[in-house]
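Attaching a single structure in structure tokens format; questions to follow.
The values are calculated or read from the model by the stated rules, or taken from the named source; none is laboratory data. Here the structure is a predicted model, which means the values were calculated and not measured. In this analysis, Cβ positions are derived from the backbone assuming ideal geometry, glycine residues included, and neighbour counts consider all displayed protein chains.
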Amino acid sequence: MNAIKIAMWSGPRNISTALMRSFENRPDTFVSDEPFYAHYLQQTGIDHPMRNEVIETGNSDWDEVSQYLTGAIPNGKLVWYQKHMVQHCLPGADLGWTEKLANCFLIRDPMEVILSYSKKYEVTSIYQLGYPQQVLLFNHLKNKNEANVIVLDSKDILQSPKNLLQLLCKELDIPFSDKMFCWPPGKRDSDGVWGKHWYGSVEKSTGFQPYQKKKEELPAKYGDIYEECLKNYQQLFQYRII
């Protein structure tokens with residue numbers, strides 16, 4: 001097979017780390033965990049948990065990071081899985097490098113995202129959750145290379161992981177591996193330092209958890225944010241593979 005670099009774009013609380021685990025369990029794959037996080041925190045001044053540690057252990061230079069991500073795949077691997085938070089793409093950032101990768105968009109019902117994220121950090125803006133940024137980047141890439149943009153819904157993956165992972169591998173033109181279904185529990189050297197705050201559940205996991213619809217009601221204060229997120233989510237949902 002030919003070497004491939006995969007950029008998986010999602011917002012927070014979107015099974016993105018579990019999907020990274022899935023790919024990391026492949027013997028042919030190297031993974032990178034949110035390589036632009038330090039840049040995002042440095043440029044915005046946002047006081048995220050472990051902000052100082054993230055900046056100190058990462059690279060805050062957008063151009064240097066993007067050049068690295070389009071370079072040779074580390075460790076002699078054939079697949080480079082890059083887990084990206086789309087909200088890290090700040091206005092004015094050069095996105096030309098993304099056209100050199102196979103780009104995928106991992107989406108999730110904003111109701112579930114808000115309920116999950118708000119338990120870890122207060123939600124005050126749609127831009128925290130990445131929905132408008134996903135649509136902007138998706139449209140940019142689709143205009144450049146329609147065949148190289150893939151959309152996945154997290155609910156579909158959790159409901160039928162084998163089907164969706166096989167379909168994803170087919171779309172990416174890489175061989176499917178049964179090793180993508182389960183992985184050993186625990187931390188990874190590849191995890192960002194922020195995993196101490198955010199990755200508690202996935203560190204205990206050994207595979208994708210069955211989908212369970214949340215029974216909580218969305219607090220009224222998030223109503224407007226939810227409606228705006230939903231419009232963006234629905235724009236991408238129509239393109240999902242299934």
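When segment 16-34 is examined, which residues are found to be assigned to a loop (DSSP other than H, G, I, E, B) and either among the aromatic types (Phe, Trp, Tyr) or out of contact with any strand residue (DSSP E or B) (no Cβ under 7 Å at 6 or more places or on another chain) (or both)?
So in segment 16-34, the residues assigned to a loop (DSSP other than H, G, I, E, B) come out as 25-28, 34.
If the condition is that a residue be assigned to a loop (DSSP other than H, G, I, E, B) and either among the aromatic types (Phe, Trp, Tyr) or out of contact with any strand residue (DSSP E or B) (no Cβ under 7 Å at 6 or more places or on another chain) (or both), then Asn25, Pro27 are the ones that fit.
Looking at this structure, is Asp28 within 17 Å of the chain's Cα centre (by Cα), closer than 25 Å to Leu158 by Cα and modelled with pLDDT of 95 or more? Even if it seems obvious, please write down each step before you answer.
Numbers: within 17 Å of the chain's Cα centre (by Cα): no; closer than 25 Å to Leu158 by Cα: yes; modelled with pLDDT of 95 or more: yes.
In short, no.
Out of the residues in segment 219-242 that are in a loop (DSSP other than H, G, I, E, B) and in contact with a helix residue (DSSP H, G or I) (Cβ under 6 Å, 6 or more places away or on another chain), which is surrounded by the most Cβ atoms within 10 Å (Cβ to Cβ)?
Ile241
Taking the residues in segment 1-56 that are basic (Lys, Arg) and touching a residue at least 12 places away in the same chain (Cβ under 8 Å) as candidates, determine which candidate is surrounded by the most Cβ atoms within 10 Å (Cβ to Cβ).
Top of the filtered list is Arg21.
Quick one: is Phe105 more than 21 Å from Ser22 (Cα to Cα) and under 18 Å from the mean Cα position of the chain (by Cα)?
Criteria not met by Phe105.
Grab the helices (runs of 4 or more DSSP H) fully contained in segment 65-160, keeping just those with 1 or more residues being farther than 22 Å from Trp194 by Cα and touching a strand residue (DSSP E or B) at 6+ places or on another chain (Cβ under 9 Å).
Counting at least 1 such residues, we get 131-144, 154-159.
Consider Leu95 carefully, then state whether it is touching a residue at least 60 places away in the same chain (Cβ under 8 Å) and more than 16 Å from the chain's Cα centre (by Cα).
The answer is no for Leu95.
Considering each residue of segment 114-172, count those that are closer than 21 Å to Tyr226 by Cβ and touching a Gly at 6+ places or on another chain (Cβ under 9 Å), and give that number.
Looking only at that region, the number is 7.
Looking only at residues in segment 190-200 that are surrounded by 12 or more Cβ atoms within 10 Å (Cβ to Cβ) and outside any loop (DSSP other than H, G, I, E, B), which one is modelled with the highest pLDDT?
Applying the first criterion (surrounded by 12 or more Cβ atoms within 10 Å (Cβ to Cβ)) to segment 190-200 yields 190-199.
Of the ones still in play, those that are also outside any loop (DSSP other than H, G, I, E, B) are 195-198.
Numbers: Gly195: 95, Lys196: 92, His197: 90, Trp198: 90.
Within segment 190-200, the match that is modelled with the highest pLDDT is Gly195.
Another one. Out of the residues in segment 173-184 meeting the condition of being in a helix (DSSP H, G or I) and in contact (Cβ under 8 Å) with a residue 60 or more places away in the chain, tell me which one is nearest to Glu34 (Cα to Cα).
So the first thing to find is which residues in segment 173-184 are in a helix (DSSP H, G or I), and the list is 178-180.
Narrowing further to those that are in contact (Cβ under 8 Å) with a residue 60 or more places away in the chain: 179-180.
Working: Lys179: 23, Met180: 20 Å.
It comes out as Met180.
From the list Lys214, Lys170, Lys187, exactly one residue is in a loop (DSSP other than H, G, I, E, B), without any contact (Cβ under 8 Å) to a residue 40 or more places away in the chain and among the charged types (D, E, K, R). Which is it?
Lys187
State whether one or more residues within segment 120-132 are touching a residue at least 12 places away in the same chain (Cβ under 8 Å), hydrophobic (A, V, I, L, M, F, W, C), within 26 Å of Thr98 (Cβ to Cβ) and out of contact with any Lys or Arg (no Cβ under 9 Å at 6 or more places or on another chain).
Looking through segment 120-132, at least one residue is touching a residue at least 12 places away in the same chain (Cβ under 8 Å), hydrophobic (A, V, I, L, M, F, W, C), within 26 Å of Thr98 (Cβ to Cβ) and out of contact with any Lys or Arg (no Cβ under 9 Å at 6 or more places or on another chain).
Next up: For segment 184-229, which positions are farther than 19 Å from Tyr81 by Cβ, charged (D, E, K, R) and within 19 Å of the chain's Cα centre (by Cα)?
Lys196 - this is the single residue of segment 184-229 that is farther than 19 Å from Tyr81 by Cβ, charged (D, E, K, R) and within 19 Å of the chain's Cα centre (by Cα).
Mind checking which pairs have a first residue in segment 60-82 that is within 23 Å of Asp173 (Cα to Cα) and a second that is among the basic types (Lys, Arg), Cβ under 6 Å, 6 or more apart or different chains?
Within 6 Å, the pairs are Thr70/Lys100; Trp80/Lys5.
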